[in-house]
Protein chains: 2
Amino acid sequence: MTIGFERITIIGVGLLGASLGLALKKRGSKAAITGVGRRQESLDTALRLGAVDTASLDPLEASLEADLVVIATPVQQVIPLLELLAPRLSPQCLILDVASVKKDICAHARRLFPLPRRFVGCHPMAGSEKSGPEHGNADLYEGTVCLLECSDDLAEETLAEARSFWEFVGTRVIEMDPAQHDDFLARTSHLPHVAAAAVAQIVHDSGASRSMIGQGFLDVTRIAASRAEIWRDISLSNREALLGAIRELRNSLDAFESALEKSDAREVEAFFVKAAEARHKVISS
Amino acid sequence: MTIGFERITIIGVGLLGASLGLALKKRGSKAAITGVGRRQESLDTALRLGAVDTASLDPLEASLEADLVVIATPVQQVIPLLELLAPRLSPQCLILDVASVKKDICAHARRLFPLPRRFVGCHPMAGSEKSGPEHGNADLYEGTVCLLECSDDLAEETLAEARSFWEFVGTRVIEMDPAQHDDFLARTSHLPHVAAAAVAQIVHDSGASRSMIGQGFLDVTRIAASRAEIWRDISLSNREALLGAIRELRNSLDAFESALEKSDAREVEAFFVKAAEARHKVISS
């Protein structure tokens, strides 16, 4: 398997960006990879790990000669970067991102780029609570799913290029409407983060110590250890859908609370039965 | 290390009871272990795995000759069993339980048993989302913590016996007031279960499929796969403290929601910062 790109620029050399460079090289890409960062220290780490071949602090200059630009920055920086790059890059250059919120970015790109649009919104569902190029891992994308924007203004050929790029690093690609993507992610990812964060604070405030907590707490709150700025940006970028998901959580808690207040054993049990079935159905779907 | 008991009866041969029998044998206890169950099938499994030496369907008869009785049933059965056993067992016999809710059980035992009381409320914090003797594991208790009731009507000697029993199977023992125990557990364990169950249902109802969910969802909701009857009983047994914990969760969600509605980046970030710090502090405490 090969990819046709010869000069790839990865803007953002954090966990996702550095892992992408490492994955491309491990799978035999001969492309020259330029990494762009805001801090020389991260760039030095990415260079040292062999995730990128050259490094730059200037996203525009580093992208002018590229045939593929991947924006792997935190979500809030994607739209400003698109505005910077759109008027200047060659019409042949394909632009992808990796942000975990898609509706606003894709809508913006739709207005920004001339047709045939050469930006495709992507969300490779890879990551961990760790961050930074020092945690870069050539197999981070292996076996994961990459959600790809479907839109009527994207050429088949452009979508096919984006698809084969992600498949090259080991992901399985699924196309999805950006708004639907955000609604799903608000529930599958962003709401669990908020709930985990709330539980972590409540446990701390109760005065409970390490010796009193079990695997349940550790599992439920693991993602609460993620970087706060990342989750601030994701929350703000997916504000509307996340507010909807929080309302659903409140409704669910209200129903459980009301059953528990009445000591209604049947209803309390039904709540847990439905949850176990729901998890099983989601996982085996 | 040895334990002085010669005839141990374990009432309830589920995951905890069967693992206890296996742990005692693996660590060299020569005690004759009788397992008590409600279904012959579970008893047969426990016998086949070598978790118990003999089996019985009658908790009273099986306990009359014992010098240690461990009640390893679901929480709702503990008080009825104490009422059955208290008037009939020898004053030398030590009685322990393993229920994860303690206030009502310990208060009941205080009224039920003559002094010096020979029942000690225990909560070994071991387990998994799996259940049944077929998942019994001789190392289930190894490295875990066992919370032990502290009470002014317990003789030092009785507490010391309970403590050395749990240490024998590999736990670290911490004494705690039963009401405080229940308040802590409502937050460290029961609330995370309720939140995980709610999130699992919301994700299912959103129509999201396996390919759209990441490790975050899997981790946060793992405990939602636990047995519904167990969590029904725990919730009802720790009703008051759990209702308090749910109120705290609602307050926390309200605060986050209000910050998000205002798109208040500083407050949204502070929520996640506090959560990450809180988790870190709890884990390193």
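Picking from B:Pro124, B:Pro91, B:Pro74, B:Pro116, which residue would you name as being farther than 25 Å from B:Val169 by Cα and assigned by TED's automatic domain parsing to the domain that holds B:Asp153? Before you say what the answer is, go through the steps one by one.
Working: B:Pro124 fails: farther than 25 Å from B:Val169 by Cα; B:Pro91 fails: farther than 25 Å from B:Val169 by Cα; B:Pro74 fails: farther than 25 Å from B:Val169 by Cα.
Among B:Pro124, B:Pro91, B:Pro74, B:Pro116, only B:Pro116 is farther than 25 Å from B:Val169 by Cα and assigned by TED's automatic domain parsing to the domain that holds B:Asp153.
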Counting only residues in region A:118-167 that are more than 16 Å from the chain's Cα centre (by Cα) and of a type in the set (Phe, Trp, Tyr), the one nearest to A:Phe184 (Cα to Cα) is identified as A:Phe119
Criterion: hydrophobic (A, V, I, L, M, F, W, C) and in contact (Cβ under 8 Å) with a residue 40 or more places away in the chain - qualifying residue of B:Ile33, B:Ile8 = B:Ile8
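Rundown of residues vs (1) of a type in the set (Gly, Ala, Ser); (2) out of contact with any Leu (no Cβ under 8 Å at 6 or more places or on another chain); (3) farther than 22 Å from B:Gly127 by Cβ, yes/no style:
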| position | (1), (2), (3) |
| --- | --- |
| B:Glu61 | no, yes, yes |
| B:Glu65 | no, yes, yes |
| B:Val70 | no, no, no |
| B:Val75 | no, yes, no |
| B:Ala86 | yes, no, yes |
| B:Lys102 | no, no, no |
| B:Ile105 | no, no, no |
How about region B:148-254: which helices (runs of 4 or more DSSP H) wholly inside it have at least 1 residues that are closer than 20 Å to A:Phe271 by Cα and at the interface with another protein chain (Cβ under 8 Å from one of its Cβ atoms)?
-> B:178-185, B:191-206, B:215-221, B:228-237
Sort out which residues of region B:99-141 are more than 20 Å from B:Arg239 (Cβ to Cβ) and in contact with a His (Cβ under 9 Å, 6 or more places away or on another chain), and write them in order of number.
-> B:Ser128
Residue satisfying all of: in region B:255-284; more than 7 Å from chain A (Cβ to nearest Cβ) and aliphatic (A, V, I, L, M); nearest to A:Arg222 (Cα to Cα) among these | B:Ala270
Residues located in region B:35-77, provided they are over 22 Å from the mean Cα position of the chain (by Cα), surrounded by fewer than 22 Cβ atoms within 10 Å (Cβ to Cβ) and assigned to a loop (DSSP other than H, G, I, E, B) | B:Leu49, B:Gly50, B:Asp53, B:Leu57, B:Asp58, B:Leu64, B:Glu65, B:Asp67
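Given the residues A:Ser151, A:Ser235, which is the only one that is surrounded by fewer than 24 Cβ atoms within 10 Å (Cβ to Cβ) and in contact (Cβ under 8 Å) with a residue 12 or more places away in the chain? Can you show your working first?
Numbers: A:Ser235 fails: surrounded by fewer than 24 Cβ atoms within 10 Å (Cβ to Cβ).
Answer to the selection: A:Ser151.
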If you take the residues in region B:99-113 that are among the basic types (Lys, Arg) and surrounded by fewer than 24 Cβ atoms within 10 Å (Cβ to Cβ), which one is nearest to the chain's Cα centre (by Cα)?
-> B:Lys103
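Report yes if some residue within region B:8-16 is out of contact with any strand residue (DSSP E or B) (no Cβ under 6 Å at 6 or more places or on another chain) and over 17 Å from B:Cys122 (Cβ atoms); otherwise report no.
Start the filter on region B:8-16 by keeping residues that are out of contact with any strand residue (DSSP E or B) (no Cβ under 6 Å at 6 or more places or on another chain), which leaves B:12, B:14-16.
Checking the rest, the ones that are also over 17 Å from B:Cys122 (Cβ atoms) come to none.
Checked region B:8-16: no residue is out of contact with any strand residue (DSSP E or B) (no Cβ under 6 Å at 6 or more places or on another chain) and over 17 Å from B:Cys122 (Cβ atoms).
Can you find, within region A:1-34, the residue that is surrounded by the most Cβ atoms within 10 Å (Cβ to Cβ) among those that are of a type in the set (S, T, N, Q) and within 20 Å of the chain's Cα centre (by Cα)?
Our first condition is that a residue be of a type in the set (S, T, N, Q); within region A:1-34, this holds for A:2, A:9, A:19, A:29, A:34.
Checking the rest, the ones that are also within 20 Å of the chain's Cα centre (by Cα) come to A:9, A:19.
Numbers: A:Thr9: 30, A:Ser19: 28.
By that ranking, first place goes to A:Thr9.
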Which of the residues that make up region B:190-229 are more than 18 Å from A:His181 (Cα to Cα) and among the basic types (Lys, Arg)?
-> B:Arg222, B:Arg227
Every residue from region B:80-98 that is buried (at least 24 other Cβ atoms within 10 Å of the Cβ) and within 20 Å of B:Arg239 (Cα to Cα) | B:Asp97, B:Val98
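The values are calculated or read from the model by the stated rules, or taken from the named source; none is laboratory data. Worth saying up front: this structure is predicted, and the values here are computed from it rather than measured. When we count neighbours, we look across all protein chains shown, and the Cβ atoms used for this are built from the backbone with ideal geometry, even at glycine.
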